[in-house]
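The values are calculated or read from the model by the stated rules, or taken from the named source; none is laboratory data. The structure displayed is predicted, hence computed values, not measured ones. Because the Cβ atoms are built from the backbone with ideal geometry, glycine has one as well, and the counts that use them run over all protein chains shown.
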Amino acid sequence: MNRNELKDSADYLARLEGLRRVDKERDELIKELVTNCQDLKERFEKKCQEYDDEVQTRRLYQAQANEANKSLVDIQHQVDVNSFAFAIIDGNDALFRDDLITKGEEGGVMAANQLHAAIKEHLKAVYPDANLEFWNIIVQIVLNLEGCTKSMSKLPEFARGFNHTKVFFSIVDVGNDKEQADIKVRDIVRLMFFNPQCKQIIFGPCHDKRYILQIKSLLPNPKLALLETIPAAREFRELDCRMVTFPEVFHSEPLPGSLPLDSLPNIIRDVIEEFSRSLDLMGKQEKAAARKYYLVNCSGERVDEPTPKYEALAAERVDGRAKEEGRGPCYRYHILGACDVPSCTYYHNERLGPGEQLVLKDRARNFHCASRSSCNNPDCFWGHHCKYGQKCQLSNCSYSDSHDINMTPVEKIYDDGSRERLPS
């Protein structure tokens, strides 16, 4: 063998070392692969467990959702089955047609049937996809039956026929107390408005502006519709609210000899409205004592008579009006009807109604009368002493100097100076 052909042992050793490095890298690679595979296996198993948990959770939630949907469907079905439309109408302003009233009980039957059919047609237009066969229609017409009977002698028979024709149709006699009738109407509308089973309210006060604030607070809402018989006042037609008419049941034109207010010039219309309000207020005042007076105790000090309780809704109307006007009411103007303060900063405009005036009278007692217990003005509505007297618990009561006053009245002093002893 040629010596040149022999490999140098160092070369073999180098090559052997290279193979060892390759083996080491291969071992490390295999070790890394095994480690990564084990890690992937553990992560896979963990994900499988999480997936199984999610599946079980989803099935649980799905079962709960199905049960909830079933309950919702049942509730919705109950609501739909028991849904109703409610109409409340001021019968003193929305007048039934004369040809119906003159027929007495038969006319009442005809009016109820025609009104039921008209309301149903209105509901079909508002809810075209609803199954109205399950809906009830409730109608309440509030009026002063005695007052109307004086001009319509057959109205009692008409009312009897109207009430007997439909189960949920009623003509309700509220007497001649207009304020109590207004409160009744407002409270009923408020109750029905937030009842989910009541799908439509037909509100018929389009001739009494005292309802404006309440109607505005409920708008915009398709649930509410206003009934227009004779042309409604301008303020009602300016509202963003659906108007409905039932001319087959109610007078749709002013009675002979009368004109709609909106057809008159503004100044004449304002005079008529103010005159009507004055007559209404005068009628209420006639029921009260004609002579004005104030009370005094045994020391001759003025004692405030407790103010009558007022309705919570009346307070809401006062606060709503103040918010709308952007300032508070003028107590003098709204309670007494006149204000002699130059450039008065409080709002005047249309006077608040009797119910709202009770709110002002009660609140006015929180403000001092300049004359305190020596005041002799029967019209004074400000406070003359602490209404709690010795029972007052306020540490900073502004009437603290009057806590010891004798609050038992013993005498009335009238505006003409005459006196009347009160029974002991």
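What the table below lists for this structure:
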item: Every residue from segment 366-419 that is out of contact with any Cys (no Cβ under 9 Å at 6 or more places or on another chain), small (Gly, Ala, Ser) and in contact (Cβ under 8 Å) with a residue 40 or more places away in the chain; result: 373, 374
item: Exclusive hit being of a type in the set (Asp, Glu) and under 60 Å from the mean Cα position of the chain (by Cα), set 39, 23, 27, 53; result: 53
item: Condition check for residue 328: small (Gly, Ala, Ser), in contact (Cβ under 8 Å) with a residue 12 or more places away in the chain and in the same structural domain as residue 295 (by TED's automatic domain parsing); result: no
item: Helices (runs of 4 or more DSSP H) within segment 58-161 that include 2 or more residues touching a helix residue (DSSP H, G or I) at 6+ places or on another chain (Cβ under 9 Å) and modelled with pLDDT of 90 or more; result: 105-126
item: Some residue of segment 360-382 being farther than 24 Å from residue 301 by Cβ, aliphatic (A, V, I, L, M) and buried (at least 17 other Cβ atoms within 10 Å of the Cβ); result: yes
item: For residue 333: the one exception among (1) closer than 30 Å to residue 300 by Cβ; (2) surrounded by 18 or more Cβ atoms within 10 Å (Cβ to Cβ); (3) among the hydroxyl-bearing types (Ser, Thr, Tyr); (4) in contact with a Cys (Cβ under 9 Å, 6 or more places away or on another chain); result: (1)
item: Test: residue in segment 90-103 that is outside the structural domain of residue 200 (by TED's automatic domain parsing), hydrophobic (A, V, I, L, M, F, W, C) and without any contact (Cβ under 8 Å) to a residue 60 or more places away in the chain; result: no
item: Unmet criterion (only one of (1) farther than 15 Å from residue 306 by Cβ; (2) touching a helix residue (DSSP H, G or I) at 6+ places or on another chain (Cβ under 9 Å)) for residue 384; result: (1)
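To keep it simple, each residue is scored yes or no on (1) among the charged types (D, E, K, R); (2) not in a loop (DSSP other than H, G, I, E, B).
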position: 335; (1), (2): no, yes
position: 351; (1), (2): yes, no
position: 358; (1), (2): no, yes
position: 396; (1), (2): no, no
